[in-house]
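A quick write-up on the structure given underneath.
Readers should treat all values here as calculations from the given coordinates under stated rules, not as data from a laboratory. All values derive from a computational prediction rather than experimental measurement. Don't worry about glycine lacking a Cβ; one is built from the backbone with ideal geometry, like all the others, and counts go over all protein chains shown.
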Amino acid sequence: MQEPIAQKKARAAKVLKALKNEYPDAHCELDFTTPLELAIGCILSAQCTDVRVNQVTPALFAKYKTPADWLAIPAPELEQAIHSTGFFRNKTKSIHGLCRALIERHNGEVPNDFDALVKLPGIGRKTANVLMVSAFNQPGIVVDTHMKRLANRMAFTTEQNPDKIEFDLQKILPRNAWGIFSHVMVFHGRRCCTARKPDCARCPVREWCPARQDAGAQA
């Protein structure tokens with residue numbers, strides 16, 4: 001039987017409250033000081049860990065401040081600088097494309113507008129939501145690999161497509177909770193409800209999770 005939407009909303013509210021208590025300092029774990037730095041960090045984080053990205057970006061962010069600065073880096077030089085993040089050629093093209101578009105369309109500034117963000121090279125819905133939440137303090141639901149896994153395990157969605165997961169979560173969460181829900185779910189996915197071995201025994205939201213192992217379900 002499909003869970004009624006009102007019941008799902010109530011369960012999501014309980015999960016959010018418990019995770020906020022568990023991770024009161026939950027935040028975006030990419031290091032940045034400006035929206036441009038966060039956008040570039042997000043591009044570099046594709047198929048790479050935030051830890052690795054945070055090892056690469058300090059020297060770059062100290063040297064390159066504006067889209068024009070980044071656009072002036074010769075492709076081979078930038079590829080070498082970001083090599084350890086993987087897919088360095090495509091990421092270089094995305095960074096250069098993004099910076100060129102920012103100069104041509106937005107006077108060199110990262111726009112505080114979701115629709116404008118997703119039209120930029122290298123910026124999909126996930127990165128646009130990261131920027132809205134963490135750079136601009138605006139509502140957004142970030143569907144990364146952790147959110148996808150947890151939202152399915154907790155039966156907040158049955159979708160696998162990130163966009164559809166985002167839309168399902170929008171229906172059960174207040175708009176002003178989208179950002180913090182994104183943060184705490186990612187923290188929980190990295191620290192407890194991991195891909196290979198979820199630690200259900202110490203999970204603070206196991207009471208509201210249909211996939212908890214002690215219920216006989218498989219995660």
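Some notes on this structure:
- Overall form of the range 88-140: oblate. Here a/c, set by the Cα gyration tensor axes a ≥ b ≥ c, is 1.5 or more, and a/b is not larger than b/c.
- Between the Cα long axis of helix 88-106 and the first principal axis of the chain there is an angle of about 80°, rounded to the nearest 10.
- On full extension, the segment bounded by ALA10 and THR49 gains 10.8 nm, given 0.36 nm per residue less the C-alpha separation.
- Pairs of Cα atoms nearer than 8 Å and 6+ residues apart set the relative contact order; for the range 35-109 it is 38 percent.
- Computed about its Cα centre, the charge dipole of the chain is approximately 660 debye, with only Lys, Arg, Asp and Glu carrying charge at their Cβ.
- By the helix-only formula, in which each DSSP H run with n ≥ 4 contributes -39500 (n - 2.57) and the sum is divided by residues, the chain has a 222 nm mean residue ellipticity of -16000 deg cm²/dmol.
- Values (i) 7, 27, 30, 23, 11, 2, 0; (ii) 8, 32, 32, 19, 8, 1; (iii) 8, 37, 40, 14, 0 are given for comparison; P(r) over Cα pairs in 10 Å bins from 0, in percent, derived from the coordinates here, is the one labelled (ii).
- Among ILE172, ILE103, a tally of other beta-carbon atoms within 10 Å of each Cβ gives an order, fewest to most, of ILE103, ILE172.
- Folded to 0 to 90 degrees: helix 162-172 orientation relative to the chain principal axis, Cα: 50
- Which of ASN54, PRO35, ALA151, positive extreme of dipole for the chain (C-beta unit charges): ALA151
- Nearest-ten-degree value, helix 35-45 long axis tilted from longest Cα axis of the chain: 70
- Computed label-point distance, nm, for sites LYS119 and ARG191 using a 7 Å Cα→Cβ extension: 3.9
- Across LYS17/LYS126; LYS119/LYS171; LYS14/LYS197; LYS17/LYS91; LYS119/LYS164, pairs whose alpha-carbon gap is larger than 26 Å: LYS17/LYS91
- Residues ARG202, ARG212, ARG125 in ascending order of nearby Cβ atoms (within 10 Å, fewest first): ARG202, ARG125, ARG212.
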